[in-house]
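The values are calculated or read from the model by the stated rules, or taken from the named source; none is laboratory data. Here the structure is a predicted model, which is why all the values come from computation and not from measurement. Glycine gets a Cβ as well: all are built from the backbone with ideal geometry, and neighbour counts include every protein chain shown. Please note that ligands, DNA and RNA were not included when accessible areas were found on the heavy atoms of the full protein model with its side chains. Shrake-Rupley method; radii C 1.70, N 1.55, O 1.52, S 1.80 Å.
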Amino acid sequence: MTTAVPVRERPAAAARGSEFAPLLRTVKGQGLLERRTGWYARSIALNTLALAAVVTAVALVGNSWWTLLLAVPLALFSARTSFIGHDEGHYQIAGRRSVNRVLGLIHANLLVGTSAAWWNDKHNRHHANPNHVDKDPDVAPDVLVFADEHVAGRTGFKAWLTRHQAWLFFPLCLLEGINLKVQGIKDLRRQEPRERVVEGLLLLAHAAAYATLLLTVLSPGKALLFVLLHQALFGLHLGLAFAPNHKGMPMPDGNSERWGHLRRQVLTSRNIRGGPVTDWLLGGLNYQIEHHLFPNMPRPHLRLAQPLVRAHCRDLGIPYTETGAVDSYRQALGHLREIGEPLRAE
């Protein structure tokens with residue numbers, strides 16, 4: 001069941017530009033924007049040990065069909081690694097940008113095989129204008145369509161995809177792991193020469209190590225199946241983590257009312273209820289509202305900031321949307337189905 005703080009009339013004295021400032025002062029005053037270096041050091045160490053344990057298990061089990069089962073924990077901890085890379089991109093981990101940059105290159109390019117530079121560029125544009133029809137790259141029309149205005153002109157196979165996109169969403173997530181790697185490689189052409197060399201060499205090192213491990217231990221057929229299973233589950237996990245955050249929430253465009261930072265981030269985001277397990281599985285992205293309001297807030301502080309944000313929104317009469325995981329997917333798929341309705345009616 002979804003809960004949202006009801007909209008109330010805002011006091012005339014509360015200037016829209018000042019809505020965020022009192023909340024920011026409160027959050028800063030409670031130290032919630034301070035770094036949690038120790039927490040991240042432990043998280044990175046445990047995740048690295050988990051990855052090493054899975055790789056060691058692959059080598060020990062050897063050329064067996066049982067080895068394919070190890071693709072499941074490898075996908076799980078690959079997603080954990082990507083969440084660390086995500087936090088690095090927002091400078092949550094270290095105070096120095098250079099340290100965050102190195103951590104991002106290690107966790108994205110080297111360990112997962114995705115481009116840190118590509119992801120940071122795309123993701124920062126999303127944060128600046130979440131769910132904006134014209135400015136958010138995450139809702140730009142592609143395989144899936146998220147806005148009514150993007151449906152016009154879809155014909156042939158693209159129209160078929162749009163008609164059935166609600167049913168296709170999760171199957172398509174199985175391809176997201178591969179897609180992230182392809183997009184990162186394509187982005188190398190955009191990057192500055194020095195950045196391109198570093199990113200490219202690390203992506204190559206990941207691919208070489210990945211292929212060497214699997215082809216040394218497994219037959220070519222089993223190695224291919226392992227890759228397909230690992231990348232499919234990795235993509236599905238990321239899809240399950242990112243899908244609930246904005247899909248089905250308001251989508252501003254060039255004709256919409258101009259919102260300040262608080263409204264722009266809160267009104268377009270959705271939180272997911274849960275406890276420590278949800279926090280772990282979703283990498284803290286279940287606190288999507290708090291994360292969008294304070295992108296550089298360390299992950300363990302997001303749950304501490306939530307009561308402050310919720311209360312502030314209640315005082316201003318701004319809807320604060322929070323729901324369960326299953327209902328969030330229902331809402332996201334319902335939005336996709338609604339967008340495709342005009343093409344099904346033809």
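Which shape class applies to the range 199-346: rounded if a/c is under 1.5, otherwise prolate when a/b exceeds b/c and oblate if not, where a ≥ b ≥ c are the square roots of the Cα gyration tensor eigenvalues? In terms of gyration-tensor shape, prolate.
Protection proxy ranking for 278-291, 38-51, using the average of other Cβ atoms within 10 Å per residue and placing the highest first: 278-291, 38-51.
Largest to smallest in accessible area, the residues S328, S82 fall in the order S82, S328 (1.4 Å probe, all protein chains included). Prolate is the label for the range 233-274, because a/c, from the alpha-carbon gyration tensor with a ≥ b ≥ c as root eigenvalues, is 1.5 or above and a/b exceeds b/c. Scoring 111-119, 316-324 by mean Cβ neighbours within 10 Å over their residues and listing the highest first yields 111-119, 316-324. Rounded to the nearest 0.05, the FRET efficiency derived from the C-beta distance between A53 and V102 at R0 = 30 Å is 0.80. If we count every other residue with Cβ under 11 angstrom of Y91's Cβ, Lys/Arg +1 and Asp/Glu -1, where does the sum land? Its environment carries a net charge of +2. Each residue, L24 and V197, gets one label point 7 Å from its Cα in the Cβ direction; the gap between the two is 3.9 nm. Using bins of 20 Å that start at zero, the share of Cα-Cα pairs per bin across the chain amounts to 28, 58, 14, 0, in whole %. Here the label points at S219 and R42, each 7 Å from Cα along the C-beta direction, are separated by 4.6 nm in the simple model.
Hey, for a label at R190 modelled as a point 7 Å past Cα toward Cβ, could you say which residues of the range 64-104 have their backbone N under 18 Å away? Once the point is set 7 Å along Cα→Cβ of R190, 86, 89-90 turn out to lie under 18 Å by backbone N, inside the range 64-104. For the range 176-217, with all protein chains in place and a probe radius of 1.4 Å, 68% of the accessible heavy-atom surface sits on carbon or sulfur. Under 28 Å from the Cα of K181, which lysines turn up, not counting those fewer than eight places away in the same chain? Reachable lysines: K122, K135, K158, K222, K247. Helical runs assigned H by DSSP (4 residues or longer) give the chain a calculated mean residue ellipticity at 222 nm of -19000 deg cm²/dmol, each run adding -39500 (n - 2.57) before division by the residue total.
Within the range 93-126, what residues put their amide N at less than 20 Å from the label point 7 Å along the Cα-to-Cβ vector of A209? Backbone N within reach: 99-119.
Convex hull volume of the Cα atoms of the range 101-222, normalised per residue: 148 Å³.
In the range 110-161, the portion of solvent-accessible area held by carbon and sulfur atoms comes to 56 percent [1.4 Å probe, whole percent, DNA, RNA and ligands not counted]. Classification of the range 16-127 by its C-alpha gyration tensor yields a prolate form. The axis ratio a/c (a ≥ b ≥ c) is 1.5 or more, and a/b outweighs b/c. Protein heavy-atom accessible surface, 1.4 Å probe, per residue over the chain: 48 Å².
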